[in-house]
């Protein structure tokens, strides 16, 4: 019964979404306020219905109701409860429902933020949201119904893909989806602005929090996915330039560009057309990401759900939303008037340069990901585009951008002083260079590029810190004055510094992988293996039973630079329901570095073992966390919390002067 | 048939935990082994998706790894080993596609896009009148404005 209620609620939600999409548009064209405001109520109802539907699916999983085909195919009664629940989105149908749930949640949030938006903008955005929800609800109901019943009901389920039975992967999809779907808000606002034919700094202020929110979650989602790949796939890699990874990386790059161009628009009322285009493209790339992952068009290492019929449906959705919005853009964008001016040397110009580089980087990933497919369709030739291609193209594009980042960050708005900005960063640059040179000297004979990359990362961290320090110390003398100035600095300034420092930390972590070492060997109990600073000695191999798996657990003594640490365990599991094996790497964290052990096949009477020494590897993900933290700080900036009417009055003045 | 083979090998690949290079494959000479690893990480595992033979545990990837090592032991240069593999399996096996008529767009695009973007920004920058039209505020006006807006501006 619960299942049928869920299904019915989903169908009702489709109907309500159609109302949410069409009635406000009709109201807008007739200048009828009452009709235009229907969208808000519809959005709330739609969210309530989808939430009910989602709860029904969660309940079926919690109760292991195998009469539901979706539960039967992706769950098992012996699974721990937490994985029963996360199984809900560990499959195509359930993850789509999650997608729609987050989408309607965002719609409801817009509907609830009553006073902060111009009514016409809000009506248009909610209508666009309704259109997106309609498309995805129809997709779910027509091709991917999670509430399909089975008769007779099987006694036992087929278990969730074991590789997904992991806490990291359990929270990876929700994070990623909040990111993807968050950009639908930016898209909806862009389309609403185009329909309205008007856009100003108020628009930028309304959109920026949504963009930030989406960006924060996308950052966390990508970092989570990468860390999962690192510890679960068992060969210590953390980024493979796999199409599925690229699918989430492209919206991130475009979203990062958008975040920066919106700032220019908010400050200077400039870059309007470009910002609108970026907003459309970012969500289009999110849709493309969903398409790539869900259609299996580019089957990849971790594409677990593929079905060509569904692929066609998503392709149609993709073409309708991308094509439709771009057509609207071509038609209406000339109406948007360009606003404020800024000098060629200014923070605004630096942000334009940032956008040129980020857009190029994004285009590079796009072309690299889709080119093999296009070439095969056109000429029949098959080529591979893998990590070496991206290393050779993406990296050279990003390095200059990162090199000028600290300088751009310390330029003044509107009209900056390049020499002054360069001087302000001289200390950071000098220190970073010194550190790089010292590192080269210290690791003589080792890699040369890596120390320079460490220097680059350090430059970003120091640049961000010094820039903050400069602002705090600028017009203040004495500690109390500086403290109050530090407190008075806008949160977004702190956010910028943290986000940029986070990029620097990640780069240091990535660069440090040049010093990682690896050893492969066949070990019998008592034998040892050494890689870098770490040595392991195999103690014993034993069999252990988990709730729904059996595991061969190998226990090692672990030595770092000859000093004994607590023992380490690595295991290989076989999940009984699917008879599928997974590796559980043994990882020991020491400060920022890790020892990483993974098991291979038994070889004769020995066991194949790989040991890695991964210096500073954690910085990669700590950097991402710091980036996301910076974003969160910006999100709490009081500009976004101020009451709207006062804002609206203040913004009515032409180009706010500084 | 090819499809079935591909599926079969995919299943085989899935059925072994990810552990690519096996201890019995490793060459005695560390320098040679390092070259083998570098070459393998640029060669695609033909039956996998987007995995190098160095990362893959498919049987075919193992065969290729062993082949690469055999050629190296026989005294081939890195280039000769790669060429040998490409001769057998075509450009598809290279994770870094060679530059030719078919891949000119692929390789050229990033740099063309960057150049086009830079050109566009530069031309727009020249077309716009300078900021001289908007007079800068005096210190006094600035202070009053800050007082009115009640907001700290960086």
Conditions (1) touching a helix residue (DSSP H, G or I) at 6+ places or on another chain (Cβ under 7 Å); (2) over 26 Å from residue A:392 (Cβ atoms); (3) within 14 Å of chain B (Cβ to nearest Cβ); number of the one not met by residue A:325: (3)
Which listed residue is within 14 Å of chain B (Cβ to nearest Cβ) and in a helix (DSSP H, G or I), from A:367, A:383, A:440, A:407: A:367
Breaking point among (1) under 22 Å from residue A:549 (Cβ atoms); (2) assigned to a loop (DSSP other than H, G, I, E, B), for residue A:84: (2)
Selection from segment A:99-124 of residues that are buried (at least 21 other Cβ atoms within 10 Å of the Cβ), over 23 Å from the mean Cα position of the chain (by Cα) and part of a helix (DSSP H, G or I): A:111, A:121, A:122, A:123, A:124
Subset of segment A:483-493 [touching a residue at least 24 places away in the same chain (Cβ under 8 Å) and either over 19 Å from residue A:211 (Cβ atoms) or away from chain B (no Cβ under 11 Å) (or both)]: none
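For segment A:87-95, does any single residue satisfy the condition of being in a helix (DSSP H, G or I) and surrounded by fewer than 21 Cβ atoms within 10 Å (Cβ to Cβ)?
At the first step, the residues of segment A:87-95 found to be in a helix (DSSP H, G or I) are A:87-89, A:92-95.
Filter once more, keeping what is surrounded by fewer than 21 Cβ atoms within 10 Å (Cβ to Cβ): none.
No: zero hits.
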Of the criteria (1) closer than 19 Å to residue A:382 by Cα; (2) assigned to a loop (DSSP other than H, G, I, E, B); (3) away from chain A (no Cβ under 14 Å), which one residue B:75 fails: (1)
Qualifying residues in segment A:370-380 (those that are more than 7 Å from every other protein chain (Cβ to nearest Cβ) and crowded, with 17+ Cβ neighbours inside 10 Å) - the one farthest from the chain's Cα centre (by Cα): A:372
Options A:57, A:35, A:22: the member that is touching a helix residue (DSSP H, G or I) at 6+ places or on another chain (Cβ under 7 Å), in contact (Cβ under 8 Å) with a residue 24 or more places away in the chain and assigned to a helix (DSSP H, G or I): A:57
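For the structure I just gave you, tell me whether residue A:354 is assigned to a helix (DSSP H, G or I), over 30 Å from residue A:198 (Cβ atoms) and more than 10 Å from chain B (Cβ to nearest Cβ).
No; evaluated as a whole, the condition is false for this residue.
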Unique residue being in contact (Cβ under 8 Å) with a residue 24 or more places away in the chain and within 13 Å of chain B (Cβ to nearest Cβ) when the list is A:568, A:523, A:558: A:523
Which listed residue, of A:91, A:70, is more than 17 Å from residue A:189 (Cα to Cα), under 25 Å from the mean Cα position of the chain (by Cα) and in contact (Cβ under 8 Å) with a residue 60 or more places away in the chain: A:91
Residue within segment B:104-119 that is within 11 Å of chain A (Cβ to nearest Cβ) and part of a loop (DSSP other than H, G, I, E, B) present: no
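Right, residue A:359: within 11 Å of chain B (Cβ to nearest Cβ), part of a helix (DSSP H, G or I), at pLDDT 95 or above and within 29 Å of residue B:99 (Cα to Cα) or not?
When the stated conditions are applied, residue A:359 passes them.
Looking only at segment A:393-403, count every residue that is in contact (Cβ under 8 Å) with a residue 24 or more places away in the chain and either within 13 Å of chain B (Cβ to nearest Cβ) or more than 15 Å from residue A:463 (Cβ to Cβ) (or both) and tell me the total.
Residues in segment A:393-403 being in contact (Cβ under 8 Å) with a residue 24 or more places away in the chain and either within 13 Å of chain B (Cβ to nearest Cβ) or more than 15 Å from residue A:463 (Cβ to Cβ) (or both): 7 in total.
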Residue match in segment A:634-643 (condition: within 30 Å of residue A:266 (Cα to Cα), away from chain B (no Cβ under 14 Å), surrounded by fewer than 18 Cβ atoms within 10 Å (Cβ to Cβ) and under 30 Å from the mean Cα position of the chain (by Cα)): yes
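Yes or no, residue by residue, for (1) in contact with a helix residue (DSSP H, G or I) (Cβ under 7 Å, 6 or more places away or on another chain); (2) outside any strand (DSSP E or B); (3) modelled with pLDDT of 95 or more; (4) crowded, with 19+ Cβ neighbours inside 10 Å:
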{"position": "A:522", "(1), (2), (3), (4)": "yes, no, no, yes"}
{"position": "A:525", "(1), (2), (3), (4)": "no, yes, no, no"}
{"position": "A:543", "(1), (2), (3), (4)": "no, no, no, no"}
{"position": "A:556", "(1), (2), (3), (4)": "no, no, yes, yes"}
{"position": "A:578", "(1), (2), (3), (4)": "yes, yes, no, no"}
{"position": "A:595", "(1), (2), (3), (4)": "no, no, yes, yes"}
{"position": "A:600", "(1), (2), (3), (4)": "no, no, no, yes"}
Any hit, segment A:169-181, residues being under 21 Å from residue A:548 (Cα atoms) and in contact with a strand residue (DSSP E or B) (Cβ under 9 Å, 6 or more places away or on another chain): no
Scope segment A:330-346; condition under 30 Å from residue A:408 (Cα atoms) and more than 9 Å from chain B (Cβ to nearest Cβ); matching residues: A:333, A:334, A:336, A:337, A:339, A:345
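The values are calculated or read from the model by the stated rules, or taken from the named source; none is laboratory data. Bear in mind the structure is a predicted one, so any value in this text is a computation, not a measurement. Please note: Cβ atoms are built from the backbone with ideal geometry, for glycine as well, and neighbour counts cover all protein chains shown.
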